[in-house]
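Shown next, in structure tokens, is the structure this report addresses.
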Amino acid sequence: MRRAIAFLASAWMAFALVAGAAWGQPADYPNKPIRLVSPFNPGGAIDVLNRLIGERLSARLGVQVVVDARPGANTIIGTEIVARAPADGYTFLITTNSTHTNNPALYKSLPYHPVKDFAPITQVSLGSVLFVVAKDAPHDDINGFIAWAKGLGRPVSYGSWGIGSSGHLYGTLLEKAASGRLSHVPYKGEVQAIGDVHGGSLDSTFCSPVGAKPQIAAGRIKPLAMTGAQRSAAMPELATFKEQGVEGLDLTLYVAAYAPAGTPAAIVERLQREIKAVIAEPDVRQKMLDQGQTPVGSTPAELQAVLAREAPKWAELIRVSGARVE
């Protein structure tokens, strides 16, 4: 694991030195529809974000940007599609950090290389994740939940959007605080998990603000804590895990865009500029903040630096937590 951590960091730094080698943007780019692969279930937080971005990019680029939802295997299915796509600027990916930082540390082998198979475009946003329970649960904060779990006499179930996902990883850390009284239930997406918490077949789940807020407002579920180093603009009234004394769940999630390796740098730069412009639009920015996503819009080089810095942190956190893909 430690060898893998060092390799990922050095690989991203080496990639930064050669990433700008292929320029050459066709004069008429783009001249046909562009596919934006979303490796998440339709209706989930990142899929909703991708559809918003895709709609606005279509207007800016003058061609249709088609969002192609390819969920499954903790983003691996959709990510592999992009890794194998032609490097012509007509296919790109928007995904969470699970794809490029978590998966390499969780899986013995992947059908894609997180560094060699991709050209970073931009860090789209920073985000946080909620932890929610049923509306009639006998606790209103995370410490009450932990005390309840310890005394229940059976494992407490918690959901996430897949084995090896950030939600799964956060759950393994929470499990340590609850003395091993939690049991992970992987879902293909957060929508069903939230519904099962409301229906009573699942005790709790990690999920996004965009997925949870309508159900919270309707009184069907209630939030106990938020991940991240600080409170989310989407729900500033909700305390973080760290504020409530639970350590380790403050590493920030992020969303980023990638093209296939070898995509001309001029096209990568064009996509970066257009995505940055889209997420800076006032109504888009507000929608992202409401969803718990803070817009960023970094350059490709800045995203490379983030990956080189954050991949070892997530890999080490995975090692310490003991999370494994079964």
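The values are calculated or read from the model by the stated rules, or taken from the named source; none is laboratory data. All values derive from a computational prediction rather than experimental measurement. Note that we place each Cβ from the backbone using ideal geometry, even for glycine, and neighbour counts take in every protein chain shown.
Give me a count of the residues in segment 63-96 that are of a type in the set (Ser, Thr, Tyr) and at pLDDT below 95.
Of the residues in that region, 2 qualify.
Consider Val246 against the criteria (1) assigned to a strand (DSSP E or B); (2) within 21 Å of Leu169 (Cβ to Cβ): it satisfies all of them except one. Which criterion is unmet?
Unmet for Val246, out of (1) assigned to a strand (DSSP E or B); (2) within 21 Å of Leu169 (Cβ to Cβ): (1).
Out of all the residues in segment 126-144, which are crowded, with 17+ Cβ neighbours inside 10 Å and modelled with pLDDT of 95 or more?
Phe131, Val132, Val133, Ala134, Ala137, Ile142, listed by residue number.
So, of the residues in segment 145-168 that are polar (S, T, N, Q) and within 17 Å of Arg324 (Cβ to Cβ), which turns out to be modelled with the lowest pLDDT?
The qualifying residue modelled with the lowest pLDDT is Ser165.
Name the single residue that is farthest from Ala212 (Cα to Cα) among those in segment 241-298 being touching a residue at least 24 places away in the same chain (Cβ under 8 Å) and of a type in the set (Lys, Arg).
Ranking the candidates gives Arg270 first.
Quick one: which of Leu57, Leu49, Leu110 is over 16 Å from Tyr254 (Cβ atoms), in a helix (DSSP H, G or I) and either within 18 Å of the chain's Cα centre (by Cα) or hydrophobic (A, V, I, L, M, F, W, C) (or both)?
Leu57
Restricting to segment 232-243, give me the number of residues that are touching a strand residue (DSSP E or B) at 6+ places or on another chain (Cβ under 6 Å) and either farther than 15 Å from Tyr170 by Cα or charged (D, E, K, R) (or both).
2
Return the residues of segment 152-168 that are surrounded by fewer than 24 Cβ atoms within 10 Å (Cβ to Cβ) and either touching a Phe, Trp or Tyr at 6+ places or on another chain (Cβ under 6 Å) or on the phi < 0 side of the Ramachandran plot (or both); say none if nothing qualifies.
Within segment 152-168, Leu152, Arg154, Pro155, Val156, Ser157, Ile163 qualify.
Report whether or not Gly297 is at pLDDT 95 or above and over 24 Å from Arg309 (Cβ atoms).
Against the criterion (at pLDDT 95 or above and over 24 Å from Arg309 (Cβ atoms)), Gly297 does not qualify.
Restrict the check to segment 142-155 and report whether at least one residue is among the charged types (D, E, K, R) and free of Cβ contacts under 8 Å to residues at least 40 places away in the same chain.
Quick first cut of segment 142-155, residues among the charged types (D, E, K, R) only: 150, 154.
The next check asks that each one be free of Cβ contacts under 8 Å to residues at least 40 places away in the same chain; those that pass are 150, 154.
Within segment 142-155, one or more residues are among the charged types (D, E, K, R) and free of Cβ contacts under 8 Å to residues at least 40 places away in the same chain.
If a residue counts only when it is under 25 Å from Ser298 (Cβ atoms), which helices (runs of 4 or more DSSP H) contained entirely in segment 113-218 have at least 3 such residues?
Numbers: elements: 142-151, 166-177, 190-199, 209-217.
So the answer is 166-177.
Would you confirm, using the coordinates I've provided, whether Ala261 is in contact with a Phe, Trp or Tyr (Cβ under 8 Å, 6 or more places away or on another chain) and modelled with pLDDT of 95 or more?
Details: in contact with a Phe, Trp or Tyr (Cβ under 8 Å, 6 or more places away or on another chain): yes; modelled with pLDDT of 95 or more: yes.
Criteria met by Ala261.
For every residue, the table says whether it meets (1) at negative phi; (2) touching a Lys or Arg at 6+ places or on another chain (Cβ under 8 Å); (3) not aliphatic (A, V, I, L, M).
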{"residue": "Ala225", "(1), (2), (3)": "yes, no, no"}
{"residue": "Thr240", "(1), (2), (3)": "yes, yes, yes"}
{"residue": "Tyr258", "(1), (2), (3)": "yes, no, yes"}
{"residue": "Ala265", "(1), (2), (3)": "yes, no, no"}
{"residue": "Arg270", "(1), (2), (3)": "yes, no, yes"}
{"residue": "Ile279", "(1), (2), (3)": "yes, yes, no"}
{"residue": "Pro282", "(1), (2), (3)": "yes, no, yes"}
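Can you tell me how many residues in segment 165-182 are in contact with a Ser or Thr (Cβ under 7 Å, 6 or more places away or on another chain) and either among the charged types (D, E, K, R) or touching a residue at least 60 places away in the same chain (Cβ under 8 Å) (or both)?
First, the residues of segment 165-182 that are in contact with a Ser or Thr (Cβ under 7 Å, 6 or more places away or on another chain): 165-173.
With either among the charged types (D, E, K, R) or touching a residue at least 60 places away in the same chain (Cβ under 8 Å) (or both) added as a condition, the list becomes 165-166, 168-170, 172-173.
Result for segment 165-182: 7.
Take segment 296-326 and flag every residue that is among the hydroxyl-bearing types (Ser, Thr, Tyr) and under 20 Å from Pro186 (Cα atoms). Break it down into steps so the answer makes sense when it comes.
First, the residues of segment 296-326 that are among the hydroxyl-bearing types (Ser, Thr, Tyr): 298-299, 321.
Of everything in segment 296-326, just one residue is among the hydroxyl-bearing types (Ser, Thr, Tyr) and under 20 Å from Pro186 (Cα atoms), namely Ser321.
Pull up segment 190-217, narrow it to residues that are free of Cβ contacts under 8 Å to residues at least 12 places away in the same chain and closer than 17 Å to Glu237 by Cα, then point me to the one that is surrounded by the most Cβ atoms within 10 Å (Cβ to Cβ).
For segment 190-217, the residue satisfying everything is Pro214.
Just checking, which of Arg60, Arg35 is within 25 Å of His100 (Cβ to Cβ) and either at pLDDT 90 or above or not assigned by TED's automatic domain parsing to the domain that holds Ala212 (or both)?
Arg35
Only one residue in Ala323, Ala311, Ala305 is part of a helix (DSSP H, G or I), crowded, with 21+ Cβ neighbours inside 10 Å and either among the small types (Gly, Ala, Ser) or at pLDDT 85 or above (or both). Which one?
Exactly one of Ala323, Ala311, Ala305 is part of a helix (DSSP H, G or I), crowded, with 21+ Cβ neighbours inside 10 Å and either among the small types (Gly, Ala, Ser) or at pLDDT 85 or above (or both), namely Ala311.
Report, by residue number, each residue of segment 282-301 that is part of a helix (DSSP H, G or I) and surrounded by 20 or more Cβ atoms within 10 Å (Cβ to Cβ).
Answer for segment 282-301, where residues must be part of a helix (DSSP H, G or I) and surrounded by 20 or more Cβ atoms within 10 Å (Cβ to Cβ): Met288, Pro300.
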